[in-house]
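The values are calculated or read from the model by the stated rules, or taken from the named source; none is laboratory data. Just so we're clear, the structure is a prediction, and the values are computed from it rather than from any experiment. Don't worry about glycine lacking a Cβ; one is built from the backbone with ideal geometry, like all the others, and counts go over all protein chains shown. The accessibility values were calculated without ligands, DNA or RNA, using every heavy atom of the protein model including side chains. Shrake-Rupley method; radii C 1.70, N 1.55, O 1.52, S 1.80 Å.
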Amino acid sequence: GGARHSTLPPATKGNLSTRLLRVTSITLPCTAASRHNNEYQIGRARRYDSRLGLSHLLNYAKTDFCNTGFDSNQYDGAYAIEATCHATDKVKCYSEIFRVIKPGSCFVCYEWIVTDKYDHSNEEHRKIRHGIELGNSLPTLETAKQVVAAMEQSGFVVEESYDVCEQFESGPAKNITWYNPLEGSYTNLNGLKATPIGRVITSSMCIALEALHLAPKGTFKTTQILEEAAVNLVRGGQLGIFR
């Protein structure tokens with residue numbers, strides 16, 4: 001078969017398009033176009049691709065995922081992993097993805113949602129939700145039903161939707177929750193950074209580096225926002241109101 005193409009809304013942590021190509025290109029000739037809104041991240045991704053010998057397979061575009069500028073029916077498929085949750089208008093975002101992929105092709109999406117256990121009249125629930133939205137630069141989090149409805153309104157036929165966390169937690173590895181890396185533990189170095197002591201150390205280092213002009217101004221404030229997000233992600237996971 002000839003080269004196949006996939007498109008990715010905002011490139012996610014660790015540049016997943018690179019990781020996926022390292023696997024798929026072994027058995028299936030393919031190329032990918034990755035969409036991002038940050039030139040710095042695109043530059044880093046290109047350096048990784050060059051080191052891995054994948055530059056000829058990957059292309060990047062700095063654009064708005066609600067208005068990509070790509071041709072209609074251009075790609076053989078699309079995926080988004082923890083990316084389209086940043087769209088303020090999911091129907092507009094999904095509609096653009098629907099426009100640029102070929103008829104009959106697939107779009108696979110992993111969304112952030114609030115679950116049916118979320119109670120907007122509960123003050124603690126509202127505080128947790130706000131902390132997650134603020135710390136992760138998110139618009140108002142939606143439910144799974146709202147996400148599915150937005151996809152259908154955009155023209156997609158939703159063949160399958162399910163709670164990945166629920167499947168994982170009821171499987172063989174159910175003793176490890178999705179928020180485990182953020183919970184903190186004094187028994188290992190990886191967990192230490194998420195403990196209260198670890199967070200104090202991180203904050204102190206950021207203050208010092210910022211004072212010495214070794215880190216950009218605002219680094220400490222940004223760290224505080226991210227730490228607050230982590231705390232609320234864990235609490236939201238523990239209460240089962242966020243996935």
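Restricting attention to segment 217-227, does a residue exist that is of a type in the set (Gly, Ala, Ser), within 21 Å of Leu138 (Cα to Cα) and in a loop (DSSP other than H, G, I, E, B)? Reasoning before the result, please.
Kept after step one, since they are of a type in the set (Gly, Ala, Ser), are these residues of segment 217-227: 218.
Remaining after also requiring within 21 Å of Leu138 (Cα to Cα): 218.
Those still in the list that are in a loop (DSSP other than H, G, I, E, B) too: 218.
Yes, segment 217-227 has at least one match.
From the list Lys102, Lys127, pick out the single residue that is touching a residue at least 60 places away in the same chain (Cβ under 8 Å) and farther than 20 Å from Val147 by Cβ.
Numbers: Lys102 fails: touching a residue at least 60 places away in the same chain (Cβ under 8 Å).
Within the list Lys102, Lys127, the selection yields Lys127.
Check Thr177, Thr202 and return the single one that is assigned to a loop (DSSP other than H, G, I, E, B) and either of a type in the set (D, E, K, R) or out of contact with any Ser or Thr (no Cβ under 6 Å at 6 or more places or on another chain) (or both). Please lay out each step first, then the result.
Values: Thr202 fails: assigned to a loop (DSSP other than H, G, I, E, B).
Result of the check over Thr177, Thr202: Thr177.
Quick one: which residue in Gly155, Gly171 is part of a loop (DSSP other than H, G, I, E, B), more than 22 Å from the chain's Cα centre (by Cα) and in contact (Cβ under 8 Å) with a residue 24 or more places away in the chain? Spell out the reasoning first.
Numbers: Gly171 fails: in contact (Cβ under 8 Å) with a residue 24 or more places away in the chain.
Among Gly155, Gly171, only Gly155 is part of a loop (DSSP other than H, G, I, E, B), more than 22 Å from the chain's Cα centre (by Cα) and in contact (Cβ under 8 Å) with a residue 24 or more places away in the chain.
Give the residues of segment 229-241 that are of a type outside the set (A, V, I, L, M, F, W, C) and either more than 18 Å from the chain's Cα centre (by Cα) or open to solvent by 70 Å² or more (accessible area, probe 1.4 Å) (or both), sorted by residue number. Break it down stepwise before answering.
Initial filter on segment 229-241 (of a type outside the set (A, V, I, L, M, F, W, C)): 232, 235-238, 240.
If the condition is that a residue be of a type outside the set (A, V, I, L, M, F, W, C) and either more than 18 Å from the chain's Cα centre (by Cα) or open to solvent by 70 Å² or more (accessible area, probe 1.4 Å) (or both), then Arg235, Gln238, Gly240 are the ones that fit.
In segment 51-82, how many residues are open to solvent by 30 Å² or more (accessible area, probe 1.4 Å), polar (S, T, N, Q) and over 14 Å from Ser17 (Cβ atoms)?
So the count comes out to 4.
Keeping to segment 35-50, report how many residues are open to solvent by 30 Å² or more (accessible area, probe 1.4 Å) and outside any helix (DSSP H, G or I).
Restricting attention to segment 35-50, the residues satisfying the condition of being open to solvent by 30 Å² or more (accessible area, probe 1.4 Å) are 37-41, 44, 46-48, 50.
In the following step, the residues that additionally are outside any helix (DSSP H, G or I) were identified as 37-38.
The qualifying residues number 2.
So which residues in segment 66-110 are closer than 27 Å to Arg235 by Cα, touching a strand residue (DSSP E or B) at 6+ places or on another chain (Cβ under 8 Å) and of a type in the set (D, E, K, R), if there are any at all?
First, the residues of segment 66-110 that are closer than 27 Å to Arg235 by Cα: 80-90, 109-110.
Within this subset, residues satisfying the condition of being touching a strand residue (DSSP E or B) at 6+ places or on another chain (Cβ under 8 Å) are 80-84, 109-110.
The answer is Glu82, and nothing else.
Might you let me know whether segment 177-194 holds any residue that is open to solvent by 80 Å² or more (accessible area, probe 1.4 Å), of a type in the set (A, V, I, L, M) and farther than 28 Å from Tyr79 by Cβ?
Within segment 177-194, the subset open to solvent by 80 Å² or more (accessible area, probe 1.4 Å) is 181, 186-187, 189-190, 193.
From what is left, the residues that are of a type in the set (A, V, I, L, M) are 189.
Now drop any that are not farther than 28 Å from Tyr79 by Cβ, which leaves 189.
Yes, segment 177-194 contains at least one residue that is open to solvent by 80 Å² or more (accessible area, probe 1.4 Å), of a type in the set (A, V, I, L, M) and farther than 28 Å from Tyr79 by Cβ.
Do you know which residues across segment 200-228 are open to solvent by 100 Å² or more (accessible area, probe 1.4 Å) and more than 28 Å from the chain's Cα centre (by Cα)? I'd like the intermediate steps shown before the answer.
Let us first name the residues in segment 200-228 that are open to solvent by 100 Å² or more (accessible area, probe 1.4 Å), namely 205, 212-214, 217, 221.
Passing the criteria: Leu212, His213, Leu214.
Which residues, taken from segment 112-131, are touching a Gly at 6+ places or on another chain (Cβ under 6 Å) and not in a loop (DSSP other than H, G, I, E, B)?
The one that is touching a Gly at 6+ places or on another chain (Cβ under 6 Å) and not in a loop (DSSP other than H, G, I, E, B): Ile128.
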